[in-house]
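The values are calculated or read from the model by the stated rules, or taken from the named source; none is laboratory data. Keep in mind the model is a prediction, meaning the values are calculated, not measured. Cβ placement follows ideal geometry from the backbone for every residue including glycine, while neighbour counts extend to all protein chains displayed.
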Amino acid sequence: MRKMLLAAALALAFAMPCTADQKDDRIAQLESEVEMLKERIAELEGTSASASQDVGEGDFYIVNESGNTKDGNTIVIYATGPNTVTGVGITARKMNGALLSYIYVDGVLQDKKQLANTDSSLQLTGDLLSFGTHTVEVKQYENDDESTEPVFVRSAQYEVKQK
């Protein structure tokens, strides 16, 4: 998909008749558009830069009977499949309680909570319990505006195994 978008952008750049200066301007514009498309593709694939890097001050991790993700560990959930219903504990410390926390699992918004120095929970059902590794990500946005860059990002993983 990336290659198709890149090829289309380059084809447009050279398809239009123009002067050398116009070509340079158009190429710079297209390079900018390609970078925006790459970021959008990464977001859609769940691999955006913010998904892999901590942003802001505070701690967030998930817990269950197998342990916690505080030190980057992956917790284990034993389930019989997507028809299982279970949950994980959420531990938040030193987060900005004045901002809403958006909780995503595998890139899909699951809940919004007010987290600061909080112990809470997140219910998992359906595809969230399909066998394999899943990523829980919490983000906070300035003025709770999801269209802006997050001011806080943390992620944790859990693995679902056959019971």
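Looking only at residues that are in a loop (DSSP other than H, G, I, E, B) and at pLDDT below 70 in segment 20-67, which one is nearest to residue 142 (Cα to Cα)? Ranking the candidates gives 48 first. Could we say that residue 110 is in contact with a helix residue (DSSP H, G or I) (Cβ under 8 Å, 6 or more places away or on another chain), modelled with pLDDT of 95 or more and within 26 Å of residue 162 (Cα to Cα) here? Yes: the conditions hold for residue 110. Among the residues of segment 68-107, those identified as surrounded by fewer than 18 Cβ atoms within 10 Å (Cβ to Cβ), farther than 19 Å from residue 153 by Cβ and not aromatic (Phe, Trp, Tyr) are 76, 80, 81, 82, 83, 84, 85, 86, 87, 89.
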